[in-house]
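Remarks on the structure that follows.
The values are calculated or read from the model by the stated rules, or taken from the named source; none is laboratory data. Fair warning: this is a prediction, and the values are worked out from it, not measured in the lab. Cβ placement follows ideal geometry from the backbone for every residue including glycine, while neighbour counts extend to all protein chains displayed.
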Amino acid sequence: MICFIRIQAQEKPEKLWDSILANKDNLEKELGNKGKMLYLSKRYDYNAASLFVHVADTNLLGDFIVNQLVRLEGVTGICVINMMRPIFFPLPEETHEMKRFAITVAAFVPRLAEIYDKISKLNYPQGILITYLAYTCHTYGDCLQFSLLAKTETELKNFISMVIDKIPGILRTTVCELEKNHPFITHEVWQKYASRSPFLENGDERDMIAQFWK
């Protein structure tokens, strides 16, 4: 199971970010050989950090949250959003000059599968890269989330307005620029995720986890 855990700090979110990174070894130890932290991100103007993790079972995720995350300094709330049918896309190794954005989609739900398929198969223009796509259904309205890299916010929003928003069934898109990111896996490991064809199926869970300790 891959999910992102939103860890909220009503005050001093910067201190929370630093605390997560300072406690990286303890967090990894809690996951043991049945889970892996993938990366950490923070959206502009939000008092929360999003930690993406891959775990072999939900009990492990529960222990990880109550034994480690809630004990970090300043934590005031936890929200877990499952990534269902996630697709990870190959990326060039150097993307430092590009801005990262998270886009959530509110959809007319009978067309959700069609929307997912179209976003996954778009021919993205030069200068815009897709990193992942997944069903999330984290509110009654927002059903799907994906992430894009672009050189400028203007370029990204033009693409969303002219292409994504015109996909039949999309009711609303919400774009959040990510203030900062911290990967816990190498570019090579990300490419292994992206090379799975085309989804992480249920039977792949333990195999995907096991690769980190080969």
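Worth a mention:
- Entry remark, the range 125-146: residues being assigned to a loop (DSSP other than H, G, I, E, B) and closer than 19 Å to P168 by Cβ number 1 in total.
- In the range 153-176, the qualifying residues are those that are assigned to a helix (DSSP H, G or I) and of a type in the set (A, V, I, L, M, F, W, C), and the one that is farthest from R100 (Cα to Cα) is M162.
- Residues (at pLDDT below 80, in contact with a strand residue (DSSP E or B) (Cβ under 8 Å, 6 or more places away or on another chain) and among the small types (G, A, S)) located in the range 155-210: A194
- Residue check for E94: exposed (fewer than 15 other Cβ atoms within 10 Å of the Cβ) and free of Cβ contacts under 8 Å to residues at least 40 places away in the same chain: yes
- Screening D45 with (1) under 25 Å from L133 (Cβ atoms); (2) in contact (Cβ under 8 Å) with a residue 24 or more places away in the chain gives one miss only, at (2).
- Filter pass, K34 being in contact with a Pro (Cβ under 9 Å, 6 or more places away or on another chain) and more than 25 Å from K166 (Cα to Cα): no
- Options A102, A150: the member that is among the small types (G, A, S), buried (at least 17 other Cβ atoms within 10 Å of the Cβ), in contact (Cβ under 8 Å) with a residue 12 or more places away in the chain and more than 15 Å from L91 (Cα to Cα): A102
- Residues that are in contact with a Ser or Thr (Cβ under 8 Å, 6 or more places away or on another chain) and in contact (Cβ under 8 Å) with a residue 24 or more places away in the chain within the range 155-172 comprise I160, I164, listed in sequence order.
- Given (1) in contact (Cβ under 8 Å) with a residue 40 or more places away in the chain; (2) within 21 Å of G141 (Cα to Cα); (3) of a type in the set (D, E, K, R), index of the condition K24 fails: (2)
- Scanning the range 124-152 for residues that are of a type in the set (D, E, K, R) and under 12 Å from M98 (Cβ atoms) turns up just one, K151.
- For the range 40-55, a residue qualifies if it is touching a helix residue (DSSP H, G or I) at 6+ places or on another chain (Cβ under 9 Å) and over 11 Å from L16 (Cβ atoms), and the qualifying residues are Y46, V53, H54, V55.
- Failed criterion for F101 (all others in (1) within 17 Å of H182 (Cα to Cα); (2) at pLDDT below 95; (3) in contact with a strand residue (DSSP E or B) (Cβ under 9 Å, 6 or more places away or on another chain); (4) in the same structural domain as I167 (by TED's automatic domain parsing) hold): (2)
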